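Report on one structure; see the data block that follows.
The values are calculated or read from the model by the stated rules, or taken from the named source; none is laboratory data. Quick caveat: nothing in here was measured; it's all calculated off a predicted structure. Don't worry about glycine lacking a Cβ; one is built from the backbone with ideal geometry, like all the others, and counts go over all protein chains shown.
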Amino acid sequence: MKPTLSQQFGSCIRTLRNGTGMSQVEFGEKCGFYQTYLSRIENGQANPSLNAIEVIANALGMSVFDLFDYIKTERSTCHPTPKISSKAK
């Protein structure tokens, strides 16, 4: 099954955050978000608003447009690998 856009977006945010060396707690504090909200974004379980996306981009040191360019370019390499159920075999 192909990852959803929310999953691809969240996975790319996780990849970029990990590249900064910040934990979810540290990054959440920098963004002004609770760690649980950031976790839900990274897991594709939350759909951040445009304002939240701007905050995330700024915390990563990039513009929203740079963030979307990164996601467009890298989404094939930063999306989660779908789990194959043993029942599907």
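Summary of values
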{"quantity": "Test set (1) over 11 Å from the mean Cα position of the chain (by Cα); (2) farther than 18 Å from PRO3 by Cα - ASN18 fails condition number", "calculated": "(1)"}
{"quantity": "Single residue of the range 48-89 satisfying the filter (assigned to a loop (DSSP other than H, G, I, E, B) and at pLDDT below 95) that is surrounded by the most Cβ atoms within 10 Å (Cβ to Cβ)", "calculated": "HIS79"}
{"quantity": "Subset of the range 30-47 (residues that are surrounded by fewer than 16 Cβ atoms within 10 Å (Cβ to Cβ) and at positive phi)", "calculated": "GLY32"}
{"quantity": "Residues (small (Gly, Ala, Ser), surrounded by 13 or more Cβ atoms within 10 Å (Cβ to Cβ) and under 21 Å from PHE68 (Cβ atoms)) located in the range 1-29", "calculated": "SER6, GLY10, SER11"}
{"quantity": "Residue count for the range 1-17, restricted to those that are in a helix (DSSP H, G or I), among the polar types (S, T, N, Q) and over 18 Å from ASN58 (Cβ atoms)", "calculated": "4"}
